[in-house]
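Structure first, then comments.
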Amino acid sequence: MPNLEDNIEAELGRLVVRQQQLRDRHNLLVMLEDFRSNGPLKRKGSGMDANKNSELEKIKQEMKELEEKEEQLRRQGNKTRKEEDIQNVINMGGVPVLPASIDAIIAAPPPGPAPQIILDVDNLPPAPSNTMCPSCHQYIITETVTRVGSTAWLVCIMSAMVGCVLGCCLLPFCTNCFKDIVHKCPKCRSQIHVCKKL
């Protein structure tokens, strides 16, 4: 069963369509009059002019009535929307705080948790994180890059000692799992923190 708000929206849609039809008819009549008065077949004083003028007046009158009706429907829709919002607040166990005369939009909170900002840069995880840059003092999401550190060198030397030959000992330099992770500021490009593997 359609509710009152749906009925108001449907009626507003019909009013908009009718207003557009009347505007189109008005523009067509004006263009036709301009064509007749400036065209090759100039007519002087005929009964057609009186008919057109009366039709233009009727269009203006109907447009005015439609605008008044549209304003009434919009006021009625706002009133029912405010009443529904207050009723929803009461149904949820609350008491309406705002008076009914104030238009308030009640928005739901965002669906996920708020991003956590890590202010102690020594506790940054290996992934890009929200923090405040100690150099430029801006709130940023860090950029992460990898670089060869002591862990990669240690694994390389140990694999060479075990007997990895033919370049197998160089594999730690090719994979990111043995490299250190460096957090950088995307704005001032300064290095913020290094997450070492050892």
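Each value in this text was obtained by applying a stated rule to the coordinates, not by laboratory testing. This structure is a prediction, so every number in the text was calculated from the model and none was measured. Don't worry about glycine lacking a Cβ; one is built from the backbone with ideal geometry, like all the others, and counts go over all protein chains shown.
Remarks
- With a cut-off of 11 Å between beta carbons, the residues surrounding I181 carry a summed charge of +3, where Lys and Arg count +1 and Asp and Glu -1.
- Linear extension gain, L32 paired with K187, 0.36 nm per residue minus alpha-carbon span: 49.5 nm
- Computed from the C-beta positions of L12 and N53, the FRET efficiency with R₀ = 25 Å rounds to 0.25.
- Normalised size of the range 157-198, defined as Cα radius of gyration per 2.2 N^0.38 Å with N residues, equals 1.64.
- Per-peptide packing, taken as the mean over residues of other Cβ atoms within 10 Å, places 17-23, 163-169 in the sequence 17-23, 163-169 from highest down.
- Potential lengthening between S159 and K64 on full extension [0.36 nm per residue; Cα-Cα distance subtracted]: 25.3 nm
- Amide proton proximity set for I192, modelled H, under 5 Å, gap of 5+: H183, K184, C185
- Normalising by residue count, the range 117-195 has a Cα convex hull of 79 Å³ per residue.
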